[in-house]
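Single-structure report; data block below.
The values are calculated or read from the model by the stated rules, or taken from the named source; none is laboratory data. Remember, it's a predicted structure, so these values are computed and weren't measured experimentally. All Cβ positions, glycine included, derive from the backbone under ideal geometry; neighbour counts span all protein chains shown.
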Amino acid sequence: MSSETKQILTTDGIPLEVSLKKAEKKNKIKAFLLVAPLLLFLFITYVFPIGEMFTRSVDDRMVTNMLPKTFKAMESWDGKELPPEEVFTAFYSDFKFLVENETQGKLGQRLNKEKNGFNTITKKLMRLIKRNKIDESQSIKEQIMKIHKRWANVEYWQAIKRTAPPYTMAKYLKGMDMYFAADGSIAQVDEDRRIHRILWLRTLEIALFVTIFCFLMGYPIAHLLATLPMKYSNLLMICVLLPFWTSLLVRTASWMILLQTQGVVNDFFVLIGLVADDNRPTMMYNKVGTYVAMTQILLPFMVLPLYSVMKTISPSLMRAGKSLGGTPFVAFWKVYFPLTIPGIGAGCLLVFILAIGYYITPALVGGASGTLISNQIAYHMKATLDWSFASAMGLMLLSGVLVIYWIYNKLVGVDNIKLG
Amino acid sequence: MALPSYTETRYRIWHYFYIAICTFVFFFLIAPLFVIFPLSFNAEEFLVFSEGMKRLDPDAFSFRWYHEMVYGTKNPWGLAAKNSFIIAIFATIGSIILGTLAALGLSSRHMPYKGLIMAVLISPMIVPLIISGVAIFFFMAKVGLAATHTGIVLAHIILGTPFVVITVTATLSGFDHSVTRAASSLGSNPVNTFMKITLPLILPGVISGGLFAFVTSFDEVVVVLFLAGLENTTIPVQMWTGLREQLSPTILAVATCLIILSTLILVTAELLRRRSERLRGINR
């Protein structure tokens, strides 16, 4: 009975608890409805397309769709010796259909990627089919094998069989310089052809060093900005904010002017006698250019989070440290520095995330030795048109970035990002 | 930063060393921008300081490249500037509307899954542009919006909203919700309350977020490179092509104009930030 007496009713007779819950729910829906348009927009135009990149990166249905009968016939083939007559017949009929629709070229190119030499032999077969040189009443197997000795080689038929599954992880392996060997195991490409691994390592190396450089340069000036009186620090803050607001391309252009062989930096080096006039160092179209330009461009992203943390540290803490007998160095190291660690974390993670995906600056000042993984993705999107490989590399990069983003979110919280 | 008279010599040396480092870093940050100014007035066709310029000979300077930028034959800058402004303005409007609404929802204490949703909304700022570019290109190509202004505007709305969400939620964090309740209790409907009470108070945050969105769109080149056809070229795309192919001082004239524009935007943003801090009663 006691519970009944305690129940409080609102004026319309509904228990207060129920009424409050209803109001709470209404507020939840209201808040969500405000976020919904943007969330929906982002999901349609951004999140799903990124998901689609995954489908595209593993999609290998092209051959599956081009050779349906062949793969059906191959199901009973053990793949050890040359396939039986039915497989040859099925392949012939699939291929003839492709020739009639003039799409056999794509198949040749795709199979050529799987095993070198396919382009030639598919072209030969195509010419014979076009000239009606294949007698369908006799053994197709014998006739095809006579066209080229590769058709009689079991490795080529194994290669066709490997392309049967509609999905493949081959693009991801390619991104790490690996591939599926003939027996289906994963193998490494030859040492002198491991270009992607070099690119990944270089991307990590450049992002790491740019972060370190930004930290080493950003920490002192953030400290100065946070400790100077307002009227001076506001003026100096402009030095940080103006590059921040200036177009990326303008800043890259200015570095191209400064770093070129006849540029201002080299002029200066010659003037102070550091280098001889006829022996000017190349500072552009290599790693040096990428390091210098990226450090300057990303420096504001280090300074601003550091500054906003340092601003909250009371100067009396350092004074207390000193008055308790610490030298200024000890006071700084034991008192001030630990307090700035949240800012260091935020700044370093932000700079690292931005650096790892950089594209424009390395493409313009990096040359061949200073380009990053992003440049490789763009190259495959625009030049080779291997979009599935570009997608696979993009997603590999993205997964790395998302891990750092997750750490950043745990440490700093995305809602604590400060701008300007 | 004057040192007290009792400072030991080694700390004195350290202090001057520290000042020297800071001076160097500030110089490193700001000096590259100033190299563009004089070179854009170069009378010659090269991107280096000519002998005449080093002697400050007035004949070595000219407005030639500014003239080229505006009146040059076959020059793409006029179309590029028009496109850039149109795209940036529409992208800013879109970002402001979507971003402000989302920020209002996110700063309600009833919002479920706040952290997760915030992480999704901010992600276009974090995900490398090249990946965003690829994904957005696939989407726009599929719906037939590649190489259209609409497609680029939508892409820039995606990239611009995180800034609006961040600045407006920051403004709302110091917002006194009792004023909106007061308005409601005095008989105002929600829309009226928003327009008359909330919006004027969060306006500095909205505008500064809008400025970020504008600059993001105006400066964005990676996604546009994927999406744009010849008709949709923008200033950054033209600069990109120029820097890769024929390095002409016209680019420096354009760059100078862009630096002036960014200075104006910086001043506006700073004034707004200070006003917003005053309004929210944050005194520093």
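Observations
- Qualifying residue in region B:191-211 (condition: away from every other protein chain (no Cβ under 13 Å) and either under 16 Å from the mean Cα position of the chain (by Cα) or buried (at least 22 other Cβ atoms within 10 Å of the Cβ) (or both)): yes
- Subset of region B:128-169 (residues that are more than 7 Å from chain A (Cβ to nearest Cβ), assigned to a helix (DSSP H, G or I) and either surrounded by fewer than 24 Cβ atoms within 10 Å (Cβ to Cβ) or without any contact (Cβ under 8 Å) to a residue 12 or more places away in the chain (or both)): B:PHE137, B:MET140, B:ALA141, B:LYS142, B:HIS149, B:THR150, B:VAL153
- Selection status of B:LEU264, among the hydrophobic types (A, V, I, L, M, F, W, C) and outside any loop (DSSP other than H, G, I, E, B): yes
- Taken over region A:67-103, the criterion of being part of a helix (DSSP H, G or I) and touching a Phe, Trp or Tyr at 6+ places or on another chain (Cβ under 7 Å) is satisfied by A:THR70, A:VAL87.
- Where B:TYR66 falls short, out of the listed (1) free of Cβ contacts under 8 Å to residues at least 12 places away in the same chain; (2) over 23 Å from the mean Cα position of the chain (by Cα); (3) part of a helix (DSSP H, G or I); (4) farther than 28 Å from A:LEU299 by Cα: (1)
- Helices (runs of 4 or more DSSP H) enclosed by region A:321-420 - at least 1 residues per element that are under 24 Å from the mean Cα position of the chain (by Cα) and facing another protein chain (nearest Cβ under 8 Å): A:337-356, A:360-365, A:373-379, A:387-411
- Enumeration of residues in region B:101-115 that are over 10 Å from B:THR169 (Cβ atoms), more than 7 Å from every other protein chain (Cβ to nearest Cβ) and among the hydroxyl-bearing types (Ser, Thr, Tyr): B:TYR113
- Taking the criterion of being more than 7 Å from chain B (Cβ to nearest Cβ), part of a loop (DSSP other than H, G, I, E, B) and under 28 Å from the mean Cα position of the chain (by Cα), no residue of region A:210-251 qualifies.
- Looking only at residues in region A:48-70 that are more than 7 Å from every other protein chain (Cβ to nearest Cβ) and of a type in the set (Val, Ile, Thr), the one that is nearest to B:ILE131 (Cα to Cα) is A:THR55.
- Residue within region B:258-265 that is of a type in the set (Ser, Thr, Tyr), out of contact with any helix residue (DSSP H, G or I) (no Cβ under 7 Å at 6 or more places or on another chain) and surrounded by fewer than 23 Cβ atoms within 10 Å (Cβ to Cβ) present: no
So that you can scan it fast, the table gives a plain yes or no per residue for (1) part of a helix (DSSP H, G or I); (2) of a type in the set (Asp, Glu); (3) in contact with a Ser or Thr (Cβ under 9 Å, 6 or more places away or on another chain); (4) at pLDDT 85 or above:
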{"site": "A:LYS30", "(1), (2), (3), (4)": "yes, no, yes, yes"}
{"site": "A:ALA36", "(1), (2), (3), (4)": "yes, no, no, yes"}
{"site": "A:ARG56", "(1), (2), (3), (4)": "yes, no, yes, yes"}
{"site": "A:MET62", "(1), (2), (3), (4)": "yes, no, yes, no"}
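- Test for A:ASN116: is it within 20 Å of A:MET145 (Cα to Cα) and buried (at least 16 other Cβ atoms within 10 Å of the Cβ): no
- Of the residues examined, B:SER123 is not one that is more than 24 Å from the chain's Cα centre (by Cα), at the interface with chain A (Cβ under 8 Å from one of its Cβ atoms) and of a type in the set (Ser, Thr, Tyr).
- One residue stands out in region A:366-403 among those that are touching a Ser or Thr at 6+ places or on another chain (Cβ under 6 Å) and among the polar types (S, T, N, Q): the one that is surrounded by the fewest Cβ atoms within 10 Å (Cβ to Cβ), namely A:SER388.
- Residue match in region B:38-55 (condition: of a type outside the set (Phe, Trp, Tyr), buried (at least 16 other Cβ atoms within 10 Å of the Cβ), assigned to a helix (DSSP H, G or I) and facing chain A (nearest Cβ under 7 Å)): yes
- Condition check for B:LEU227 on (1) farther than 23 Å from B:VAL165 by Cα; (2) surrounded by 19 or more Cβ atoms within 10 Å (Cβ to Cβ); (3) in contact with a Lys or Arg (Cβ under 9 Å, 6 or more places away or on another chain): one failure, at (3).
- If you go through region A:262-282 and pick out every residue that is part of a loop (DSSP other than H, G, I, E, B) and surrounded by fewer than 12 Cβ atoms within 10 Å (Cβ to Cβ), you end up with 7.
- Counting residues in region B:178-188 that are assigned by TED's automatic domain parsing to the domain that holds B:THR100 and under 30 Å from B:LEU264 (Cβ atoms) gives zero.
- Residue check for A:LEU339: surrounded by fewer than 16 Cβ atoms within 10 Å (Cβ to Cβ) and either at positive phi or in contact with a Gly (Cβ under 6 Å, 6 or more places away or on another chain) (or both): no
- None of A:MET302, A:MET294 is touching a Ser or Thr at 6+ places or on another chain (Cβ under 6 Å), modelled with pLDDT of 85 or more and part of a helix (DSSP H, G or I) except A:MET294.
- Any hit, region B:243-253, residues being surrounded by fewer than 23 Cβ atoms within 10 Å (Cβ to Cβ), at the interface with chain A (Cβ under 8 Å from one of its Cβ atoms) and in contact (Cβ under 8 Å) with a residue 40 or more places away in the chain: yes
- Residue within region B:81-101 that is more than 30 Å from B:PHE163 (Cα to Cα) and in a helix (DSSP H, G or I) present: no
- Within the option set A:LYS146, A:LYS124, A:LYS106, being part of a helix (DSSP H, G or I), in contact (Cβ under 8 Å) with a residue 40 or more places away in the chain and more than 20 Å from A:ALA73 (Cβ to Cβ) holds for one residue only, A:LYS106.
- Scoring A:ARG202 on the criteria (1) basic (Lys, Arg); (2) under 26 Å from A:LEU395 (Cα atoms); (3) not assigned by TED's automatic domain parsing to the domain that holds A:LEU298 leaves a single failure, condition (3).
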